[in-house]
1. Using unit Cβ charges (K, R positive; D, E negative) and no other charged atoms, how large, in debye to the nearest 20, is the dipole of segment 59-110 about its Cα centre?
2. Given H placed on each backbone N at 1.01 Å, which residues far from Tyr34 in sequence or on other chains put an amide H within less than 5 Å of it?
Amino acid sequence: MNNVIIFFMLLAHYAYANDNYYYQNNKKIEITAYVFALNNNLNATFYENEKGIRLGISNKLLVKLKTNTNINKYLKEFNLILEKTLGTRLYLLKSKNKKLTLDISNRLNEKDDVEFAHPDFLRKIKRR
């Protein structure tokens, strides 16, 4: 009985596991979860990268495709919504599950016909 409980706990952990990195210029950038002390009304999860920069991740991601690639196959594969076309083969996409945005952007970035993919990061505005 205890083995069954442990199995389901591990299964639940892996089902909701998120990557602890994102790609920038085809290089993995490590991130760690950041506890946002103030009222977080931005509907985002915050992380801190290797350089100490705090980044918020919502349910939106930016994707640029290489030549002759159709965005529709990725919309279907990852259950995404096309929010806006920003330029030639550059798209703002929306994930239906905010918790999967980072994972989806990393999986897209690893595709051969994707030039880059990353979350549409939110950054804290600094006052002058």
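1. Taking the Cα centre of segment 59-110 as origin, the dipole is about 120 debye.
2. So Tyr34 has HN proximity to Phe46, Tyr47, Glu48.
Each reported figure results from applying straightforward, stated rules to the coordinates on display, with no laboratory input. Not measured: the values here are computed from a predicted model. FYI the Cβ positions are ideal-geometry reconstructions off the backbone, even for glycines, and counts take in every protein chain you see.
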